[in-house]
1. Might you check whether a residue that is more than 30 Å from Gly124 (Cα to Cα), surrounded by 15 or more Cβ atoms within 10 Å (Cβ to Cβ), among the aliphatic types (A, V, I, L, M) and touching a residue at least 60 places away in the same chain (Cβ under 8 Å) occurs anywhere in region 83-104?
2. Regarding region 80-88, can at least one residue be identified that is out of contact with any Ser or Thr (no Cβ under 6 Å at 6 or more places or on another chain), modelled with pLDDT under 95 and of a type in the set (D, E, K, R)?
3. Are any of the residues in region 48-61 assigned to a strand (DSSP E or B) and either in contact with a strand residue (DSSP E or B) (Cβ under 7 Å, 6 or more places away or on another chain) or in contact (Cβ under 8 Å) with a residue 40 or more places away in the chain (or both)?
4. Within region 1-39, restricting attention to residues that are under 17 Å from Pro67 (Cβ atoms) and of a type in the set (A, V, I, L, M), which residue is modelled with the lowest pLDDT?
5. Evaluate region 49-65: report whether one residue or more is loosely packed, with under 15 Cβ neighbours inside 10 Å, closer than 30 Å to Val150 by Cα, modelled with pLDDT under 90 and not basic (Lys, Arg).
6. If Phe43 satisfies all but one of (1) on the phi < 0 side of the Ramachandran plot; (2) touching a strand residue (DSSP E or B) at 6+ places or on another chain (Cβ under 8 Å), what's the number of the condition it fails?
7. Give the residue that is nearest to Asn144 (Cα to Cα), with candidates limited to residues of region 11-47 that are outside any strand (DSSP E or B) and of a type in the set (Asp, Glu).
8. Is it the case, given these coordinates, that Thr113 is assigned by TED's automatic domain parsing to the domain that holds Tyr136 and in contact with a Gly (Cβ under 9 Å, 6 or more places away or on another chain)?
Amino acid sequence: MSFATDLTDSNSTYHVILDDFFIQRIGEETAARGEFWQLSLNFRRANLGGGQMRITTGDNVLWALIPVGSRGLAPLRLKGPRSVKAYTAFKVTVIDGETRGAVEGTTVGGRTTDRNGQVEVTSGQSGQVLRLQANYQNRYVRSNILMVTVTT
């Protein structure tokens, strides 16, 4: 399957020299002057254009707006439990998607990760679904969203 499958004129421009599409808009977000859409596959920056890549079931695909002229930003990866008991503390871990190393100083739910890339989060009442995401502005692309179901 090609990423270029459903691109329309209003969302992209075909670039003859690169033999690929230049993405302008994804969903409601449009690349402003001085930005481009960076593609990451399985938490690693792509070395090919989206129209040249192949994806398979289970792959993690991420498009992120990045300033033109930058070398790009590595994506963060947030790992943790899929379910936790109500009103309990649990840890999540943030790693650099490319190096797989822990990332200190990222923010998850208003708290900052330690040198091991970990932060403690406390669950709420049963039935809630927590949507956690790690962010380290201007150094990394924000992480995947970790959905944590709170049980009894």
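1. Looking through region 83-104, none of the residues is more than 30 Å from Gly124 (Cα to Cα), surrounded by 15 or more Cβ atoms within 10 Å (Cβ to Cβ), among the aliphatic types (A, V, I, L, M) and touching a residue at least 60 places away in the same chain (Cβ under 8 Å).
2. no
3. Looking only at region 48-61, we keep the residues that are assigned to a strand (DSSP E or B), and these are 61.
In the following step, the residues that additionally are either in contact with a strand residue (DSSP E or B) (Cβ under 7 Å, 6 or more places away or on another chain) or in contact (Cβ under 8 Å) with a residue 40 or more places away in the chain (or both) were identified as 61.
Checked region 48-61: at least one residue is assigned to a strand (DSSP E or B) and either in contact with a strand residue (DSSP E or B) (Cβ under 7 Å, 6 or more places away or on another chain) or in contact (Cβ under 8 Å) with a residue 40 or more places away in the chain (or both).
4. Once the filter is applied, the top-ranked residue is Ile23.
5. Yes: one or more hits.
6. (1)
7. Our first condition is that a residue be outside any strand (DSSP E or B); within region 11-47, this holds for 11, 16-19, 24, 27-28, 31-34, 42-43, 46-47.
Within this subset, residues satisfying the condition of being of a type in the set (Asp, Glu) are 19, 28.
Numbers: Asp19: 29, Glu28: 19 Å.
Per the criteria, the residue is Glu28.
8. yes
The values are calculated or read from the model by the stated rules, or taken from the named source; none is laboratory data. If you're wondering where the values come from, they're calculated on a predicted model, not measured in any experiment. Note that we place each Cβ from the backbone using ideal geometry, even for glycine, and neighbour counts take in every protein chain shown.
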